[in-house]
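Peer 1: First the structure, which I've put down as structure tokens, then a few questions once you've had a look.
Computed from the coordinates by the stated procedures, all read-outs in this text should not be read as laboratory data. In this text, all values refer to a predicted model and were calculated from it rather than measured experimentally. Please note: Cβ atoms are built from the backbone with ideal geometry, for glycine as well, and neighbour counts cover all protein chains shown.
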Amino acid sequence: MTTTSTEQNSEQGSSDGSSTRRSTSGDSNSALVTEQGRTSIADSVVAKIAGIATRDVSGVHALGGGTARAVGALRDRIPGSRKNHSQGVSVEVGERQAAIDVELVAEYGVAIVDLAAGIRRNVISSVERMTGLEVTEVNVGVQDVYLPSDDDQVDESPQPQQPPRVQ
């Protein structure tokens with residue numbers, strides 16, 4: 001009986017002489033799936049890594065859309081609360097791959113195309129290096145542009161209350 005090399009690679013003899021079928025879907029190529037077991041990584045772990053990697057790129061002012069940033073600002077004011085590193089990041093994680101969506105506010109004057117390319121490069125390298133997952137895509141959504149004058153309007157001290165005009 002002759003067997004092809006594909007059949008030989010997909011079957012492995014066990015110590016009792018019987019052959020067991022091995023998956024040909026590439027399980028042996030992943031560091032997360034080995035003969036000793038599988039490693040699973042939670043979505044929140046990948047989201048946190050992607051969020052930190054995104055914030056490290058120059059030109060990113062904040063992560064998340066308007067609502068997420070408002071909730072984050074409230075959370076920051078609560079004593080003892082932790083910073084949400086995955087704010088504005090959503091991920092889909094499989095056994096070997098991950099897809100990442102990032103929503104952010106860009107600083108005014110930054111080339112958005114270059115910013116998105118830098119974010120993709122940094123997120124892909126960070127997630128793949130730290131998790132062993134292959135990142136299939138990083139979608140970048142720019143929700144707003146930050147102007148330094150925006151802070152000036154927010155930081156103004158409230159005007160003293162004037163007495164009521166009618167009594």
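Peer 1: Given 0.36 nm per residue, what is the gain on full extension from Leu32 to Gln143 after removing their alpha carbon distance, in nm? Walk me through the numbers on the way to the answer.
Peer 2: Numbers: separation 111, 0.36 × 111 = 39.96 nm, distance 3.46 nm.
The Leu32-Gln143 span can extend by a further 36.5 nm.
Peer 1: So what are the ³J(HN,Hα) numbers for the stretch 100-112, from phi and the Karplus equation (6.51, -1.76, 1.60; θ = phi - 60°), rounded to whole Hz, Gly and Pro as x?
Peer 2: Rounded to whole hertz, the list is 10, 10, 10, 10, 8, 10, 8, 6, 5, x, 8, 5, 5.
Peer 1: Now, a different point. Note the full-extension length gain between Ser40 and Arg165 as 0.36 nm times their separation in residues minus their Cα-Cα distance, in nm to one decimal. Don't skip to the answer; put the middle values down first.
Peer 2: Numbers: separation 125, 0.36 × 125 = 45.00 nm, distance 6.61 nm.
Value of the extension gain: 38.4 nm.
Peer 1: Follow-up question, since we're still on this one. By per-residue mean of other Cβ atoms within 10 Å, what is the highest-first order of 96-102, 40-46? Could the numbers behind the result be given before it?
Peer 2: On the way: 96-102: 19.7, 40-46: 15.6.
So the peptides 96-102, 40-46, ranked by packing, come out 96-102, 40-46.
Peer 1: Please list 3J(HN,Hα) in residue order for the stretch 133-147, calculated via the Karplus relation 6.51 cos²θ - 1.76 cosθ + 1.60 where θ = phi - 60°; whole Hz, with x for glycine and proline.
Peer 2: Residue by residue, the stretch 133-147 yields 7, 8, 8, 7, 7, 10, 9, 10, x, 8, 8, 6, 10, 8, 10 Hz.
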